[in-house]
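Okay, so here's the structure we're looking at.
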Amino acid sequence: AVVIIDASTTEKDMEILTAAGTVGARIMDLPGGAVNLSELEVVDERAHAADWMVAVQFDGNTLLDHLPRLQKIRSRWVFDHHGKFFKGIKTDGPEMAALLKLIDRGNLWFKFAGVYESSRESWPYEDVAAFSRVIAAHAPERIVWGTNWPHNSIRETSAYPDDARLAELVLGWL
């Protein structure tokens, strides 16, 4: 499990969660998130002590604003959902350079999931594909993939993305 923890989570809670199979904590600094980046250092400290990972999701276009704090994360962590670069990202821009340097630190994985949530284009999501190919060429061993099931942002089952087709698309980026 990947769970929500914060400053109020006790050591006993951490022990119970770990014994139950928890392997990570989640930060989602977007509408609907339970714990945001204001808790980053606390969550990282707790996760690191428990040998957990941290899944971090925020608008990637603010990456440079958060960079000094992200560089200090000691836990293994995942930059979730294609970085959620809602305004797009240039493959030769400063956000991309900073992201690649974060990946090179050795404790960050980049998650290819939910491409349709942050792409400003329809299938085959070329805006996200462009920077995803750069990451795939730079550090394929630092990529994780997920279907993003149950596709919470999709309101009608008939509009669900085809997970097999998404997997094929991502494999093409690699």
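Values quoted throughout were computed directly from the atomic coordinates according to the rules given, and no laboratory measurement underlies them. This structure is a prediction, so every number in the text was calculated from the model and none was measured. Every residue, glycine as well, gets a Cβ built from its backbone with ideal geometry; the counts of neighbours run over all protein chains shown.
Table for the structure above
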read-out	value
About the Cα centre, charge dipole magnitude for the chain (Lys/Arg +1, Asp/Glu -1 at Cβ), debye	280 debye
The range 2-173, relative contact order [Cα under 8 Å, separation at least 6], %	15 percent
Net charge contributed by nearby residues that have their C-beta within less than 12 Å of residue 36 (K/R +1, D/E -1)	-3
Equivalent ellipsoid semi-axes - Cα gyration tensor, the range 2-173, angstrom	27, 19, 14
Spatially near lysine pairs across the chain, Cα under 30 Å, sequence gap of 8 or more or different chains	13
Neighbourhood net charge (13 Å Cβ-Cβ; Lys/Arg +1, Asp/Glu -1) for residue 105	+4
Within a Gaussian network of the chain (alpha carbon springs, distance under 10 Å), most fluctuating of 105, 142, 46	105
